[in-house]
Amino acid sequence: MVDEGKFRSDFHYRLHVFPLAVPPSRERRDDIPLLERYFTQKFAQRMGRKIDAISPGTMDTLVRYAWPGNIRELQNVIERSVVLTRGRVIELAMPEISTGPPAAVPRSDIGPLAERERILQALKAANGVVSGPAGAAMRLGLKRTTLQARMKRLGITRDYQ
């Protein structure tokens, strides 16, 4: 980008004075209620809705969920929930989150053989279905595209048996 004139060569060094390390959402569960409230207010105002509260069960589900998609996933879930909620108490509009795994194991925490086995077990339990509410991706707490990338990396095909 420096060669293209889109990025000043000295700018990187100016920014590097204060490197920032932002941990993923699953490591900052105390932030989830604050983010939920912010996103709920933002989307409710944009849609002309009045939402006063969130049910305790919904908040508990949001806090326990691993958020593999990080803040963007949380934002999308809240937006969908605001759209679909009737009344003034927000309810979770993503049943796969409440029935999915409460905390997915990050790939970096398990070896490739264990990860391969987990994926194969999930595929078997889902009868080979990768996506959808009963698919292997949902069972693993992953996005469909993430699971497909991991399957490709590990040499797992749809005819996995």
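Each reported figure results from applying straightforward, stated rules to the coordinates on display, with no laboratory input. None of these values were measured; they are calculated from a predicted model. Using ideal geometry, Cβ is built from the backbone for each residue, glycine included, and neighbour counts are taken over all protein chains shown.
Details
- Projected label distance in nm at Arg144 and Arg8, using a 7 Å step from Cα toward the beta-carbon: 4.5 nm
- Answer label, with Kirkwood radius over Cα pairs in Å calculated from the coordinates and candidates (1) 17.6; (2) 16.1; (3) 18.2: (3)
- Dipole magnitude (debye, nearest 20) for the chain, charges at Cβ of Lys, Arg, Asp, Glu: 340 debye
- Residues with amide H under 5 Å from that of Ala93, placed H, sequence gap 5 or more: Ser81
- Taking amide H as placed 1.01 Å from N in the peptide plane, the amide H of Ile54 sits under 5 Å from that of Ile90, each at least 5 places away or on another chain.
- Paramagnetic reach from Asp52 in segment 75-93 [backbone N under 15 Å; point 7 Å along Cα→Cβ]: 86-91
- Per-pair calculated FRET efficiency, R0 = 25 Å: Lys42 and Asn70 via Cβ, rounded to 0.05: 0.90
- Under Karplus coefficients 6.51, -1.76 and 1.60, residue-wise ³J(HN,Hα) of segment 125-137 in Hz, glycine/proline x: 5, 9, 6, x, 7, 8, 10, x, x, 10, x, 5, 4
- Positive-pole candidate from Ser55, Tyr65, Thr40, dipole of segment 25-99, charges at beta carbon: Thr40
- Sequence-distant contacts, meaning Cα pairs under 8 Å at least 6 residues apart, place the relative contact order of the chain at 17 percent.
- Between Met1 and Ala21, the FRET efficiency estimated from the beta carbon spacing at R0 = 30 angstrom works out to 0.85.
- For segment 143-149, backbone phi angles converted through the Karplus equation (6.51, -1.76, 1.60; θ = phi - 60°) give residue-by-residue couplings of 6, 4, 5, 5, 4, 4, 5 Hz, Gly and Pro being listed as x.
- Average Cα contact separation per residue, segment 25-99, under 8 Å, 6 or more apart, as relative contact order %: 39 percent
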